[in-house]
Amino acid sequence: MSDVVSYQLEGNIAVITVNNPPVNALSIHVRRGLADCFTQFANDEQAKAAVLICDGRTFIAGADITEFDKPIEEPWLPKVIKQMEETPKVIVAAIHGTALGGGLETAMGCHYRCAVESAKIGLPEVLLGLLPGATGTQRLPRLIGVEAALDAMISGKPMPAKVAHEKGAIDKLIDGDLRSGAVAYAEELVAAGAAARKVSDIVIDPASIPDGFFDEYRKKIARQTRGFFAPEQIVKCVEAAVNLPYEKAVERENELFMQCMKSTHSKAQRHLFFADREVAK
């Protein structure tokens, strides 16, 4: 078992805890730990549901961006998220601080999401010249609608938990202690016989999208996104979410993510990100 991800049984609820300071980034050690713990959960007959929670000041606040220019080490994040979603027993994400980028994608791979009201969620990859490449462009539109998801991903701005709850990305707001509240929520779901609900099973009806919507959306964002590569790729991913079967749309997302990753735009934006950090030191 990984040192940074632990497994503990609380009654009939498995509590899987990430502890990778300072922001619980999704390093290879965290990804391996999550894969191991969710395998243990799937095989644990005593555990009827699981809660995914994080120690420290925040939920998973994103990928480990120091790994971006290195070869992918297995398991890569989309594989872990698929493993979680395919688990037949209910998994609840318990969010505090910020669930950003890969952190929100991981939470959307869970079957239910709860959060304290002070939490925020978001997909800010566009600020690094990237798109949410671990199924984020496919899952967020299914949860909060196409236009709201596009707005969130194109701006990169985090969304307060209360707003996320109103839009459908968060299922329950927790008052008081998050861990005990999340365990109680998981127990309620077990008692109610709730299904292991998959976001990937939600179908976006193409007929629900007005004719010309994507062309109009491109015009709307043209001024703010001029000169940047990633925003158009995000729009293409959401078009795929509407028009293609889920698995095919995920393939499209992966293809466009790699184009973003290799682009001079993203390399420049990531260089700037690290340079700003160095200057601050």
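The values are calculated or read from the model by the stated rules, or taken from the named source; none is laboratory data. Since we're looking at a predicted model, the values are computed, not measured. A quick note on method: Cβ atoms are made from the backbone with ideal geometry, for glycine too, and the neighbour counts reach across all protein chains shown. Protein only, heavy atoms only, side chains kept; ligands, DNA and RNA dropped before computing areas. Shrake-Rupley method; radii C 1.70, N 1.55, O 1.52, S 1.80 Å.
Side notes on the structure shown:
- The 3J(HN,Hα) values that the Karplus relation (6.51, -1.76, 1.60; θ = phi - 60°) gives for segment 33-49 are, in residue order, x, 4, 4, 5, 5, 6, 5, 4, 4, 4, 9, 8, 5, 6, 7, 9, 7 Hz. Gly and Pro appear as x.
- Highest to lowest packing among 211-217, 110-116, scored as the average C-beta count within 10 Å: 110-116, 211-217
- Considering only H96, H165, H271, the Gaussian network model of the chain with Cα springs below 10 Å gives its largest mean-square fluctuation to H271.
- Averaging Cα coordinates gives a centre for segment 113-150 and one for segment 1-59; these two points are 22 Å apart.
- Whether segment 64-127 is rounded, prolate or oblate, judged on the alpha carbon gyration tensor where a/c under 1.5 counts as rounded: oblate
- 222 nm mean residue ellipticity, helices alone, for the chain (DSSP H n ≥ 4; -39,500 (n - 2.57); rounded to 500): -15000 deg cm²/dmol
- Atom-type composition of the exposed protein surface of segment 1-117 places 51 percent of the accessible area on carbon and sulfur (1.4 angstrom probe).
- Carbon plus sulfur fraction of accessible area for segment 172-213, probe 1.4 Å, in percent: 53 percent
- Solvent-accessible heavy-atom area per residue, rounded to whole Å², over segment 190-281 at 1.4 Å: 64 Å²
- Across segment 168-185, rounded Karplus estimates of 3J(HN,Hα) from the backbone phi angles (6.51 cos²θ - 1.76 cosθ + 1.60, θ = phi - 60°) give x, 7, 10, 8, 8, 9, 9, 8, x, 5, 5, 4, 5, x, 5, 4, 4, 5 Hz, Gly and Pro being marked x.
- Beta bridges per DSSP with both ends in segment 1-128, % antiparallel, nearest 5: 25 percent
- Computed from backbone phi, the HN-Hα couplings of segment 101-110 come to x, x, x, 5, 4, 5, 4, 6, x, 6 Hz, rounded to whole numbers (Karplus: 6.51 cos²θ - 1.76 cosθ + 1.60, θ = phi - 60°; Gly and Pro given as x).
- Taking amide H as placed 1.01 Å from N in the peptide plane, the amide H of E10 sits under 5 Å from that of V15, each at least 5 places away or on another chain.
- Extent along the principal axes, Cα only, for the chain: 54, 49, 33 Å, with the longest axis given first.
- Cα-based shape type of segment 164-240, given that a ≥ b ≥ c are square roots of the gyration tensor eigenvalues and the cut on a/c is 1.5: prolate
- Per residue solvent-accessible surface (Å²) - segment 1-51, probe of 1.4 Å: 44 Å²
- Multiplying the residue separation of D151 and D211 by 0.36 nm and removing their Cα-Cα distance gives an extension gain of 19.7 nm.
- Note on segment 113-236: Lys pairs 8 or more places apart or on different chains, Cα atoms under 24 Å apart, count 19.
- With all protein chains kept in place, the per residue accessible area of segment 60-157 amounts to 30 square angstrom at a probe of 1.4 angstrom.
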